[in-house]
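See structure below.
The numbers here are math on the coordinates, done by the rules we state, and not lab data. All values reported here derive from a predicted model rather than from experimental measurement. Ideal geometry is used to build each Cβ from the backbone, glycine not excepted, and the neighbour counts take in all protein chains shown.
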Amino acid sequence: MRIVRLFCLCIALFTAGASQAQTPHRKVIVDDEGFALMHLMLLGADDVDVLGVTTVSGNAWANRATALALRGVEIAGRTDVPVVQGAMYPLVNSEALTERWEALYGKLVWKGAWMKAWVEPTAQAAPAYHGPDDAVVLPGGNARIQPSPEIAANFLIRMVHRYPGEVTILATGPLTNLALAQRLDPQFARLAKGLVMMGGSLNPHQVLNNRSAADFAREFGNSPRREFNLRFDPEAASIVARSPWRSITVVPADPSTATQLSPDLLKRLANGASPAVAKFIAGLPEGWPIWDEIAAGVWLDPSIVTSQESLYIDCNTQFSAGYGDFLSWRAGYQPGLGEQRAQVVRSVDVARLEALMVREVAHKTSGR
């Protein structure tokens, strides 16, 4: 009897191990305008295969975003992950059009690559302004590796055809690359497993009581539907919102007002990380919300979501006071112009999100 039990135990252990070994990794492409903690979270996750990082202009021009992403994967020790440069310019919007819009409708709080100065004093340093043709020389030096020679839209299309129904697109910047991919290949969105995007805004309110939190929440009091990623390229956002994705998860600005890169969180993130990653974390600005990390966290562990709503979504493309505003409707109220249903995250468990960030950032970047 003892021998039979031992034999059964061995079979059970072997079967469990074989099942675990055969469990496929979740495939994701990160579309963003740089490199952040979000990338470290995904690169550190055991069950995730990051097929590539595609870059787009937004907070920085695409060439600078590419340089940042190359340096980031190098710091993370993941030079096996290709970095693919994407769209330099939005589909229609431009710096000149944005300045004309501001003359008509008022100043924007944040303009990304077009930002030259804050309108009013803030706790954050003034951003450095660069032109799209300026040479990119990063503080501390550029990466030794080179970007993929492919164009981001083509890379996105190629990956969803290679792995139909398996690739999630995690988009945390303007949606220009995705819109281009959809226009080049109408099957693009349908072939992806789904879209998780950080963008849009419903009605955020200041949650944390400090100067930085007040700085980042001040725009929403008068413009609750305005959010930078959609506002930078509204036409692309509308194309993506009307594309036939199998599923869409939207992380708007709303849950970000309860989050912040506090000194304590930065310290916890750096503990246990490799020296290179710890140095990277030490250089991050304190006080900023963790927008993109919420999107990565929701995809890695959907149970951190504490409230969400099923809505049809789009983006305002009329050159008016509402240009770039996030549009949403409950079922039955949408105009029926191709808007897709999305799960829109309203709030997350911040403590669990931070714990997830700490666990994934240190997991693979510690040298283990």
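Looking across segment 165-185, the residues that are under 21 Å from L230 (Cα atoms) and assigned to a loop (DSSP other than H, G, I, E, B) come down to T172, G173, P174, L175. Sub-8 Å Cβ pairs linking a first residue in segment 220-236 that is basic (K, R) to a second residue that is in a helix (DSSP H, G or I), at least 6 apart or interchain, are R226/E219; R226/F220, ordered by first then second residue.
Which one of S212, S256, S243, S274 is without any contact (Cβ under 8 Å) to a residue 60 or more places away in the chain and out of contact with any strand residue (DSSP E or B) (no Cβ under 6 Å at 6 or more places or on another chain)? Spell out how you get there, then give the answer.
On the way: S212 fails: without any contact (Cβ under 8 Å) to a residue 60 or more places away in the chain; S243 fails: without any contact (Cβ under 8 Å) to a residue 60 or more places away in the chain; S274 fails: without any contact (Cβ under 8 Å) to a residue 60 or more places away in the chain.
One residue alone meets the criteria, S256.
Looking for whichever is closer than 25 Å to P252 by Cα and without any contact (Cβ under 8 Å) to a residue 12 or more places away in the chain here; the options are W101, W118, W114, W110. Which one fits? Reasoning before the result, please.
On the way: W101 fails: without any contact (Cβ under 8 Å) to a residue 12 or more places away in the chain; W114 fails: without any contact (Cβ under 8 Å) to a residue 12 or more places away in the chain; W110 fails: without any contact (Cβ under 8 Å) to a residue 12 or more places away in the chain.
One residue alone meets the criteria, W118.
Considering each residue of segment 297-311 in turn, at least one proves to be surrounded by 21 or more Cβ atoms within 10 Å (Cβ to Cβ), farther than 23 Å from R242 by Cβ and of a type outside the set (A, V, I, L, M, F, W, C).
So is R231 within 21 Å of A125 (Cα to Cα) and not small (G, A, S) or not? If you could, list the steps in order and put the result at the bottom.
Working: within 21 Å of A125 (Cα to Cα): no; not small (G, A, S): yes.
No, not satisfied.
Considering each residue of segment 343-361 in turn, at least one proves to be surrounded by 16 or more Cβ atoms within 10 Å (Cβ to Cβ) and over 30 Å from D264 (Cα atoms). Among residues belonging to segment 71-130 that are small (G, A, S) and crowded, with 18+ Cβ neighbours inside 10 Å, point out the one that is nearest to G141 (Cα to Cα). Result: G72.
All but one of (1) over 18 Å from F232 (Cβ atoms); (2) part of a loop (DSSP other than H, G, I, E, B) hold for G131; which doesn't? Failing condition for G131: (1).
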